[in-house]
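Remarks on the structure that follows.
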Amino acid sequence: MASNTFNEIPSIHLKPPKLPSLLAMGKRASLARLQMSKLGIGQLHWSTANYAPPQEISSLEWFSANVREGLVRAVGVSNYGPNPAL
């Protein structure tokens, strides 16, 4: 595979569970399948702020840490209403 710069990272789309421990497992599995060391984007689909706020916050913290460490380039959200826990 290529040199693994962010410009060369393929886009993958998953709908993983929002628990950080499961996000970590999903990320490791995706990276292994892609033979990559980092992801271009991680995306949270469907806010849990209304029924599981701690889960939402811990997921956002997990993504933030991965961005700071250079393991995920960007984070996106989809299907969030006007008052998410962002």
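Things to note:
- Kirkwood radius, segment 15-78, all distinct C-alpha pairs, inverse of mean reciprocal distance: 11.9 Å.
- Each peptide in 29-42, 54-67 was scored by the mean count of other Cβ atoms within 10 Å over its residues; highest first, the order is 54-67, 29-42.
- Only one residue of THR48, GLN35, LEU60 has its Cα farthest out toward the positive end of the dipole of segment 15-78, where Lys and Arg carry +1 and Asp and Glu -1 on Cβ, and that residue is GLN35.
Read-outs: derived from the displayed coordinates by stated rules, not from any lab. On a predicted model such as this, the values are computed, not experimentally measured, just so you know. Virtual Cβ from ideal backbone geometry, glycine too; neighbours counted across all protein chains shown.
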